[in-house]
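Please read the structure below before turning to the comments.
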Amino acid sequence: MTATNGTARIAVVGMGIGRPNGAALSRNPRGQVVALCDLVEERMKAFAADLPGEVTFYTDYKKMCEADDIDAVFVGTPNQWHVPIALEAVRNGKHVMVTKPLADSEAAARQLVTEAEAAGVVNMMSLSTRFGDSCQYLGNLARGDYFGELYYARARSVRRNGIPAWNLGFIQQGGGAFRDMGVHVLDAVWWILGLPKPIAVLGAAGAKFGPRGRGYWNRTRPPKETYEKYAADDYAGGFITFENGLGLQVESFWASHQPDEFQIELFGTEAGATLSPLRLFRTDDEGISEDIGVNLPPGKYKEAWDAIAAHFIECILDGVTCKAPLRHGLIVQQMMEGLLKSAETGREVQLDV
């Protein structure tokens, strides 16, 4: 699929996370959102009001993917629909970008990656934490050997009350806290660490709040007919080991009796760091410890959504190699599914990446 007149014509599926992604794609001078797809037309109308130009509405993603005036598709639906929609796009020669996580299972993720790569289309993950300014800053430092050897890391996403129930896909099989929020910190820290090959994972997971109707977003108790359908984790954590000897502790909680936190901690032979707040830690040759607060100047990095949109469009129009391909999403999926399987079996899971 070749874009027309130097402009990437993009369809956005899902009016939740699709809105910030779609807005950024539309803001880019070489991007144009030409179609929206959702089951509820009113949601499309509300978003279309903020977009320039004519926008076509679809409630059937298959018909949308057949349209000749669409070059690329952004998939922003609940997890269970990522692969069916993205596969339809790929099979119609469309470039595709998928929100996190790539899929609701490793098998589905692997099928999509196989077909997308075989089709030769641009295929990309939309990862707002990886493309955020603080993460990019730490990743660039790591690639410049500022930390020396990174040998250990911790990453966690903790909510006190944050179970999303506005779509049952979040809380049913294939959803859950780890695939929803844990994926952010897992992908981001894995990228900062240089994308090492994971070899094994040991995990624990369960649901202590959701099935009881507690811990939901804004402390609002949903109807019983909603929370009695709960069939996913509301917490998960574990330890991942990598081929280079590096160890990673990762945790995700949708609900807990703990304060909200979103954090990555890096341990290196020459320096360490935290993501939030952005800080660096070193000890010089004279034994003087340095704790360095970092304030990134405005404009040093693009806002995450704009950075994602710009990279997707340059991959389509300029043939730039994608820095966040769906294959990265597959490897992250393998780590997540391995942790959840380990929690279910009570045994360490070996990863075949």
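The values are calculated or read from the model by the stated rules, or taken from the named source; none is laboratory data. Because the structure is a prediction, the values reported are computed rather than measured. Every residue, glycine as well, gets a Cβ built from its backbone with ideal geometry; the counts of neighbours run over all protein chains shown. Quick note on the areas: whole protein, heavy atoms, side chains included, nothing else; ligands and nucleic acids left out. Shrake-Rupley method; radii C 1.70, N 1.55, O 1.52, S 1.80 Å.
Evaluated at q = 0.18, 0.19, 0.21 Å⁻¹, the base-10 log of the normalised Debye intensity for segment 40-102, with identical point scatterers placed on the Cα atoms, takes the values -0.70, -0.78, -0.93. Computed with every protein chain present, the accessible area of L326 is close to 0 Å² [probe 1.4 Å].
Which aspartates and glutamates does K302 reach when only Cα atoms under 13 Å apart count, and residues fewer than 8 places away in its own chain are ignored? Correct list for K302: D133. Can you tally the net charge around D69? Count Lys and Arg as +1, Asp and Glu as -1, for every other residue whose Cβ sits under 14 Å from the Cβ of D69. Overall, the nearby charge balance is -1. Over segment 1-120, the reciprocal of the mean inverse Cα-Cα separation, the Kirkwood hydrodynamic radius, stands at 14.2 Å. Note on K224: lysines with a C-alpha under 25 Å away, same-chain residues under 8 apart excluded, are K208. Other residues with beta-carbon under 13 Å from the beta-carbon of A116 carry, at +1 per Lys or Arg and -1 per Asp or Glu, a net charge of +1.
Axis angle, to the nearest 10 degrees, between helix 106-119 and the longest C-alpha principal axis of the chain: 60 degrees. Sorting L317, L275 by accessible area puts them as L317, L275; the probe is 1.4 Å, largest comes first, and only protein heavy atoms count. To one decimal place, what orientation-averaged projected area in nm² is obtained for the convex hull of the Cα set of segment 251-353? Averaging across all directions leaves 11.5 nm² for the Cα convex hull.
Accessible surface computed residue by residue for segment 210-343, with neighbouring protein chains in place and a 1.4 Å probe, gives 50 Å² per residue. Computed in the context of the full set of protein chains, the accessible area of the chain at 1.4 Å probe radius has 47% of its extent on carbon or sulfur. With only Cα atoms counted, the chain has Rg and Dmax values of 20.5, 67 Å. Each other residue within a Cβ distance under 15 Å of D133 adds +1 if Lys or Arg and -1 if Asp or Glu, for a net charge of +2. Listed by chain and number, the aspartates and glutamates placed with their C-alpha closer than 14 angstrom to that of K45 are E54; residues fewer than eight positions away on the same chain are left out.
Protein-only accessible surface at a 1.4 angstrom probe places the residues S134, S252 in the order S134, S252, largest first.
Accessible surface for S289 stands near 80 Å², nearest 10, in the context of the full protein assembly shown (1.4 Å probe).
Start at zero, step by 10 Å, and the Cα-Cα distances of segment 144-271 spread as 14, 40, 26, 15, 5, 0 percent across the bins.
Surface calculation, 1.4 Å probe, protein heavy atoms: Y227 sits at approximately 30 Å² accessible. Once the convex hull of all Cα atoms in segment 52-182 is built, its volume per residue stands at 182 Å³. Legend: distances between Cα atoms for K62/K94; K94/K341; K62/K100; K62/K323; K197/K323; pairs beyond 24 Å are K94/K341; K62/K323. Taking every DSSP beta bridge that has both ends in the chain, the antiparallel portion is near 55%.
D by Stokes-Einstein for segment 307-353, Kirkwood Rh over Cα pairs, 37 °C, 0.692 mPa s: 259 µm²/s. Across the protein chains, with a 1.4 Å probe defining accessible surface, the residues L296, L112 rank L296, L112 from largest area downward. For the residues A118, A165, A153, a GNM of the chain with alpha-carbon springs under 10 Å puts the largest fluctuation on A118.
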